[in-house]
Amino acid sequence: MAASPTAPAIAVGQVVPRGRQSDVVYYDPKRDLVVLGTAGTGKTTMAVLRAKYLAHPQSANHGPVLLVTYNNALARYLRHLVPGTLGDVRVETYARFARGYLNSIGRMPHASGILDRMPLRTMIAQAVATVAKEYPRSKIFRRDTGFFVDELAWISDMGISAEQDYLDADRIGRKVGLLPGFRSIVWRIRILYLELREKAGIQYDWHDLATAVREGLASDSRPRMYKHIVIDEGQDLSPEAIRSLVAAVQPGGTVSFFGDYHQQIYGQGLSWRKCGLNVRVIDPFRDNLRNTAQIARIAIAMSEMPHMTGDMEDLIEPIEPKAAGSVPTLLKCRSEAVEIAEVQRVAKDQAGAGTVAILARTWPEARAAVAGLRGARALKDSSNAAWDPSPGIYYGTYHAAKGLEFAVVILPFANTTRLPNPEAVGAYGTVDASSRDGKLLYVAVTRARAELLVTYTGEVTKLLPTKPDLWTELER
């Protein structure tokens, strides 16, 4: 990959491209770009610098840039990296971009017009119960409601709008197959769910927005707002979202895609390759610039576990970094009360010197881990709050920490009763649930720059590698 010979020097504060990152930042501004890298390779830094380069008035083919990611916490972090220095670059989550566009064409209802998680589950459960009466002997209804919620979301994320297309589809990202007869039943549930939603006067759920945007752009003759779109953590956007972003670019503009399929935590399971990007070169980044060698060894071992591997052609094998540090600690506790006390003790000991993150799979678990701990700050997924990188204790979910990094990461409740999530096992089966939660745990582990502590009671989760040379194992 060759950099532009006339590229203006780009930096954000003290952040400048390192090594081969320059090739990405200054890549031909007239071509789409795909960068696949493992955790810690600096993808977010490259995405920010690439966005700034494409917007720079001295760059060839420059113009307005949209820098887009999946969740609000990461969007806040991106804004923190480039306060007041991005110029003609707008940072948004995909959901905010989609709602803004649909509002511009008069197709965005009030907030109540988007069906949120729990009401959606209730409505789909109602559709499932009705259809189950039509097929009283079908074994598919032994599955948890979560399976049907997830499958209908997958159909929307893929942009599937006809039953035959669903019957013919390769259910990429699904470890457990679904026979054609079962698929027809799922499609019947989908039809009834959409009818129930229409009767309730609700136009969308969150998985419908991308198709609505893509279809709106297809008939929209207005000039496009953005010359270039840069996608950070692109593996977590649905194929329909990526297609809609491709359609939102001005003629002659580009899309730059940064992603890591080891960290694909939202379950679509489809490569960027089928989303409309016109790419000649794929640039793989394997060098970990964030984690110590000791933390990276755990991440590498996780990436090689059966639940993390599969048919994804875009998985990039990580390389162990040279920076040395302390061996991560795996702490077995005799009770959850002892576990929480140890988590809080270590967090308080480390907080004065840098950032400490206490991360769990769910918000209730994260809040339980910091109950009574003064000064702990939540990684709230709010688009209006600013990211505060000052030393101290932060807490949140694995999802909320996506794309962020901390000096010390503490992961409580890493036992077999919680990971993989029993509800996910009931909905999707052990194989699928292990794949989903394994990727989440990989994200959490790789947030740590220098120190990693994992705690558990009972039996440690099988989603972690437990070779003795990887951990310092203790008991309390």
Is the stretch 421-436 home to any residue that is under 22 Å from residue 337 (Cα atoms), open to solvent by 30 Å² or more (accessible area, probe 1.4 Å) and in contact (Cβ under 8 Å) with a residue 12 or more places away in the chain?
-> no
Just checking, which of 237, 178 is at pLDDT below 95, open to solvent by less than 30 Å² (accessible area, probe 1.4 Å) and assigned by the TED database to the domain that holds residue 163?
-> 178
Among (1) open to solvent by 80 Å² or more (accessible area, probe 1.4 Å); (2) more than 18 Å from residue 238 (Cβ to Cβ); (3) in contact with a strand residue (DSSP E or B) (Cβ under 9 Å, 6 or more places away or on another chain) - the single one residue 113 does not satisfy = (1)
In the stretch 213-234, how many are touching a residue at least 40 places away in the same chain (Cβ under 8 Å), open to solvent by less than 20 Å² (accessible area, probe 1.4 Å) and out of contact with any Leu (no Cβ under 6 Å at 6 or more places or on another chain)?
-> 6
Among the residues of the stretch 448-461 satisfying the criterion of being crowded, with 16+ Cβ neighbours inside 10 Å and over 17 Å from residue 343 (Cα atoms), which is modelled with the lowest pLDDT?
-> 449
Matching entry among 161, 112 (being modelled with pLDDT of 90 or more and either farther than 25 Å from residue 220 by Cα or among the small types (Gly, Ala, Ser) (or both)) | 161
What single numbered condition from (1) at pLDDT below 90; (2) within 30 Å of residue 180 (Cα to Cα); (3) open to solvent by less than 40 Å² (accessible area, probe 1.4 Å) fails to hold for residue 82?
-> (2)
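One line per residue, one yes/no per condition, for (1) closer than 28 Å to residue 149 by Cβ; (2) at pLDDT below 85; (3) in a strand (DSSP E or B):
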residue	(1), (2), (3)
371	no, no, no
375	no, no, no
382	yes, yes, no
408	no, no, yes
419	yes, no, no
427	yes, yes, no
441	yes, no, no
473	no, no, yes
Of the criteria (1) touching a Phe, Trp or Tyr at 6+ places or on another chain (Cβ under 7 Å); (2) assigned to a helix (DSSP H, G or I), which one residue 240 fails = (1)
Restricting attention to the stretch 249-275, and to residues there that are open to solvent by less than 10 Å² (accessible area, probe 1.4 Å), within 22 Å of residue 53 (Cβ to Cβ) and not polar (S, T, N, Q), which single residue is modelled with the lowest pLDDT?
-> 260
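Counting only residues that are open to solvent by 10 Å² or more (accessible area, probe 1.4 Å) and over 20 Å from the mean Cα position of the chain (by Cα), how many does the stretch 409-420 have?
Taking the stretch 409-420 first, the residues open to solvent by 10 Å² or more (accessible area, probe 1.4 Å) are 416-418, 420.
The next check asks that each one be over 20 Å from the mean Cα position of the chain (by Cα); those that pass are 416-418.
Residues meeting the conditions: 3.
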Could you list all residues from the stretch 133-162 that are farther than 27 Å from residue 234 by Cβ and open to solvent by 30 Å² or more (accessible area, probe 1.4 Å)?
-> 133, 134, 135, 136, 137, 139, 141, 142, 143, 144, 145
Which members of the stretch 127-167 meet the condition of being closer than 13 Å to residue 427 by Cα, of a type in the set (Phe, Trp, Tyr) and free of Cβ contacts under 8 Å to residues at least 24 places away in the same chain?
-> 141
Answer yes or no: is there a residue in the stretch 95-109 that is within 20 Å of residue 209 (Cα to Cα), open to solvent by 30 Å² or more (accessible area, probe 1.4 Å), in the same structural domain as residue 216 (by the TED database) and among the aromatic types (Phe, Trp, Tyr).
-> no
Residues within the stretch 425-440 that are under 15 Å from residue 360 (Cβ atoms) and not acidic (Asp, Glu), tallied | 1
Selected residue [within 19 Å of residue 332 (Cα to Cα) and of a type in the set (Lys, Arg)] from 449, 436, 418 = 418
Can you confirm whether the stretch 327-339 contains a residue that is modelled with pLDDT of 90 or more, within 30 Å of residue 235 (Cβ to Cβ), open to solvent by less than 50 Å² (accessible area, probe 1.4 Å) and out of contact with any helix residue (DSSP H, G or I) (no Cβ under 9 Å at 6 or more places or on another chain)?
-> no
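The values are calculated or read from the model by the stated rules, or taken from the named source; none is laboratory data. Just so you know, these numbers come straight off a predicted model, no measurement behind them. Cβ: placed from backbone, ideal geometry, glycine included. Neighbour counts: every protein chain shown. Side chains are part of the model used for accessible areas, which takes the heavy atoms of the whole protein and leaves out ligands, DNA and RNA. Shrake-Rupley method; radii C 1.70, N 1.55, O 1.52, S 1.80 Å.
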